[in-house]
Amino acid sequence: MKSYISILIVLFFFVSVISCSTEKNVTWEVKPIEFVASETSFNDTTFLSNMKMIRLENKGSQSVVNHISKIFEIDNLLCIFDKALNQITVFDSDGQFVKAINRTGHGRGEYLRLIDVTYDSTNNELLCLAEPSSIIHYTLDGTYIRTDKLDDFYTDICCDKSYIYLYHSTYADAKTPEYTISCINKSDGSVKELLTFTEEYAPFCSIGSKMFANGGSIAFARKFDDNIYYVSNGSIDSCFSMKMKSYAFPEKKLTKQYDCGELYELCHKEKLIYMITNLVQGKSIFMFSSNLNGIHVAQLSSGLCRDYSYMLVSKYNLPVSLFCPIEGKEYKCCFVLNPSSIMNFRKQYESDQRVRKSISAQFINDTKDISSDSNPTLLIYDVK
């Protein structure tokens, strides 16, 4: 079996550039990635380096982060988009609270709901995808600049030097869009569309972000699509074609629309992937999560992708699995430890001798004053 896989990999990479197209006169480079047997865990130093623990400071006695929807880094500041609180919370590089930007309301420069946020490094602005459907521009201190109204509904936003990329909502007003991505030219406001949308099989199901700006590149993924697409300068320029084997959602099951409970049970029972999220880019690897629990790591040199249940933090011998990319030009990611998880580790450490022999006492000491009112703790890494 191993020799058979090796032959396949050699054949894949013998043809170094493959072109494919889903639209007339549109082609891009396709790089195959082959799924191989899963393993239980990997040590963080295998694919990551320079771990730094950051405990996010409360504002007074109150936590200021409910849920981490996205993290981006600006001039050594960590900006956390919290969709649950409709705000962007800013911390310094050591986790000290700096400010919170929340403009919920009905007035000028305000929004009813914050859907997504990105940083425009070219214009040094925050771009907030908001409801009613619009892009609201703010300075880094939260001062209102302008509002650009949108004619459609979108779920994700990213940008590069010349374009703003918007991910179409796949079932707004009970209808499917014609395309997946809208590209807005920053210089003249013109819009072009990318990648024809086919069918929506689970309109109300979502597991996280669908577009990712990390390591200086922008990528996106779609439900029931085994490809990861990369965009630049208003066009798709390449994609990773994920050969998921037994994880692939069978075409014979794509004959109906699923409700979320039904889809979850089916994927959990048969170990099927219908959505890729939390894509983290590195120089030699990329990793992502999916609707299945665990961490998928693809090595670019071999073109192989392996699924792991969790990662071991070598400093603490601590198992972790919840992670997200850090948006920006650097190859960075963040593993998130919620207060409840830390308290649970601490409780097990106190009551179970096996856990005491496993988890480092240093972790217990470093997090001894974490309570249910604390903000999440971050483990930030460079990605190899």
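Annotations
- Positions within the range 185-212 being buried (at least 20 other Cβ atoms within 10 Å of the Cβ), closer than 29 Å to Ile74 by Cα and either touching a Lys or Arg at 6+ places or on another chain (Cβ under 9 Å) or of a type outside the set (A, V, I, L, M) (or both), in sequence order: Ser209, Lys210, Phe212
Matching residues to (1) over 18 Å from the mean Cα position of the chain (by Cα); (2) farther than 19 Å from Gly208 by Cα; (3) modelled with pLDDT under 95:
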site	(1), (2), (3)
Phe240	no, yes, no
Lys243	yes, yes, no
Leu254	yes, yes, no
Glu262	yes, no, no
Glu265	yes, no, no
Lys269	yes, yes, no
Ile276	no, no, no
Phe286	no, no, no
Asn293	no, no, yes
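- Test result for Thr143, out of contact with any helix residue (DSSP H, G or I) (no Cβ under 9 Å at 6 or more places or on another chain) and surrounded by 17 or more Cβ atoms within 10 Å (Cβ to Cβ): no
- Taking the range 94-114 as the range and being outside any loop (DSSP other than H, G, I, E, B) and over 20 Å from Ile74 (Cα atoms) as the test, the residues that pass are Thr104, Tyr111, Arg113.
- Screening Glu131, Glu193, Glu125, Glu200 for residues that are at pLDDT below 95 and at negative phi leaves exactly one candidate, Glu200.
- Odd one out for Tyr274, checked against (1) in contact with a Leu (Cβ under 8 Å, 6 or more places away or on another chain); (2) surrounded by 14 or more Cβ atoms within 10 Å (Cβ to Cβ); (3) within 22 Å of Cys334 (Cβ to Cβ): (3)
- Any chance Asn50 is closer than 29 Å to Tyr310 by Cα, part of a loop (DSSP other than H, G, I, E, B) and not aliphatic (A, V, I, L, M): no
- Looking only at the range 359-384, and only at residues there that are hydroxyl-bearing (Ser, Thr, Tyr) and part of a strand (DSSP E or B), the one that is surrounded by the most Cβ atoms within 10 Å (Cβ to Cβ): Tyr381
- Residue check for Tyr171: farther than 17 Å from Ala219 by Cβ and under 23 Å from the mean Cα position of the chain (by Cα): yes
- Among the residues listed as Ile135, Ile74, the single one being free of Cβ contacts under 8 Å to residues at least 60 places away in the same chain and closer than 23 Å to Ile164 by Cβ: Ile135
- Every residue from the range 80-89 that is part of a strand (DSSP E or B) and either under 15 Å from Ser63 (Cβ atoms) or modelled with pLDDT under 95 (or both): Ile80, Asp82, Gln87, Thr89
- Qualifying residue in the range 197-215 (condition: under 23 Å from Gln299 (Cα atoms), assigned to a strand (DSSP E or B), aliphatic (A, V, I, L, M) and in contact (Cβ under 8 Å) with a residue 12 or more places away in the chain): yes
- One residue from Ser301, Ser321 being over 15 Å from the mean Cα position of the chain (by Cα) and not acidic (Asp, Glu): Ser301
- Residue within the range 337-358 that is buried (at least 18 other Cβ atoms within 10 Å of the Cβ), touching a residue at least 40 places away in the same chain (Cβ under 8 Å) and part of a strand (DSSP E or B) present: yes
- Count of residues meeting criterion [under 13 Å from Pro325 (Cβ atoms) and part of a strand (DSSP E or B)] in the range 271-284: 6
- Residues that are among the hydrophobic types (A, V, I, L, M, F, W, C) and within 19 Å of Ser162 (Cβ to Cβ) were ranked within the range 178-202; the one that is nearest to the chain's Cα centre (by Cα) is Ile181.
- Top-ranked residue in the range 18-36 [being hydrophobic (A, V, I, L, M, F, W, C) and modelled with pLDDT under 90; ranked as farthest from Cys239 (Cα to Cα)]: Val26
- Scanning the range 112-127 turns up no residue that is surrounded by fewer than 21 Cβ atoms within 10 Å (Cβ to Cβ) and in contact with a Gly (Cβ under 7 Å, 6 or more places away or on another chain).
- Residue under evaluation Phe153, criteria (1) crowded, with 22+ Cβ neighbours inside 10 Å; (2) in contact with a His (Cβ under 9 Å, 6 or more places away or on another chain); (3) more than 30 Å from Gly60 (Cβ to Cβ); (4) not polar (S, T, N, Q), criterion not met: (1)
The values are calculated or read from the model by the stated rules, or taken from the named source; none is laboratory data. Because the structure is predicted, anything quoted here is derived from the model rather than measured. Heads up, the Cβs are rebuilt from the backbone with ideal geometry, glycines too, and the neighbour counts pull from every protein chain shown.
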